[in-house]
Amino acid sequence: MNQATDWTATHTLVVEVAERPWCLDPIFAATVDGYWSTITRSRPHFFRGPVLAVEQTKTLVDGRTQVQARLTDFAHFLFSRHHLSPGHPYYVRIITACAWVITKDRLAVVGLGHPESAKPLVLQPIGGSPSRDDIHSGYFDPVIAARRELHEETGLCLVPGEVRGYLKLDNGSLAVAVRFDLPRPWSEVGGELKAHVAKSKERELSAIYGIPTGRPMTSFLGFPLLRSVQAFLVAAELR
């Protein structure tokens, strides 16, 4: 599991998406296609949807963070994750939009990865890869992406959301934290969220929890925390 190297607090993340998707060498593309065919025999529910890959991250003179990114797909990302090293020219450094939801009683809402998901039995933020609808005029909007993922995975419709920062992993991937406030305590809303996850036909989450913020943790109820959750829990901008 990737280790965090950098949490950056910012409200002004600019993600510019290249007009053309990542063009793979035909031989490499055929290898990815073969891998995808193999993996979907046991996991036919996997969807070969878009993935946003980071090409460059830099801080501008006005303090804004600018990310240059390019679209690829989930098959390329999974192959990269399992078979390529970070130095490989086709290695994917992914950018994800994370909905960081804080309840009225200061608990963070996190999901447990479904056993058949890409991150099985790991506690993770609500969120994921973008859809093409999250990209407007060549720019990715993490707030729209996080809000959509939040509604799909929990049934919650919360506005507004606000980018509070991003976590950069040692492989260059970025987890963007979009803060949402839930004006109800976990004791009131937890049952509704658990019921939504239980009846969902998607195999993204198998359970949902409210966990305390403000103190370091690497696990909760015996389940490991994704590194982004560990960092978000103690980031002052997200509590």
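The values are calculated or read from the model by the stated rules, or taken from the named source; none is laboratory data. Not measured: the values here are computed from a predicted model. Here the Cβ positions follow ideal geometry from the backbone for every residue, glycine too, while neighbour counts run over all protein chains shown.
Among the residues of the range 214-239, those that are touching a residue at least 24 places away in the same chain (Cβ under 8 Å), surrounded by fewer than 18 Cβ atoms within 10 Å (Cβ to Cβ) and under 16 Å from Thr8 (Cβ atoms) comprise Ala236, Glu237.
Sort out which residues of the range 207-239 are part of a strand (DSSP E or B) and either at pLDDT below 95 or out of contact with any helix residue (DSSP H, G or I) (no Cβ under 9 Å at 6 or more places or on another chain) (or both), and write them in order of number.
Of the residues in the range 207-239, the ones part of a strand (DSSP E or B) are 207-212, 219-220, 223-225.
If the condition is that a residue be part of a strand (DSSP E or B) and either at pLDDT below 95 or out of contact with any helix residue (DSSP H, G or I) (no Cβ under 9 Å at 6 or more places or on another chain) (or both), then Ser219, Phe223, Pro224 are the ones that fit.
Residues in the range 169-210 that are under 23 Å from Val159 (Cα atoms) and among the polar types (S, T, N, Q): Ser187, Ser200.
Evaluate the following for Pro86: is it surrounded by 21 or more Cβ atoms within 10 Å (Cβ to Cβ), in a loop (DSSP other than H, G, I, E, B) and touching a residue at least 24 places away in the same chain (Cβ under 8 Å)? So that I can check it myself, show each step before the final result.
Values: surrounded by 21 or more Cβ atoms within 10 Å (Cβ to Cβ): no; in a loop (DSSP other than H, G, I, E, B): yes; touching a residue at least 24 places away in the same chain (Cβ under 8 Å): yes.
So Pro86 fails the test.
The rows are residues; the columns are (1) closer than 30 Å to Asp6 by Cα; (2) small (Gly, Ala, Ser); (3) crowded, with 17+ Cβ neighbours inside 10 Å.
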{"residue": "Leu174", "(1), (2), (3)": "yes, no, yes"}
{"residue": "Glu188", "(1), (2), (3)": "no, no, no"}
{"residue": "Lys194", "(1), (2), (3)": "no, no, no"}
{"residue": "Lys199", "(1), (2), (3)": "no, no, no"}
{"residue": "Pro212", "(1), (2), (3)": "yes, no, no"}
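A residue that is more than 15 Å from the chain's Cα centre (by Cα) and outside any loop (DSSP other than H, G, I, E, B) occurs somewhere in the range 138-151.
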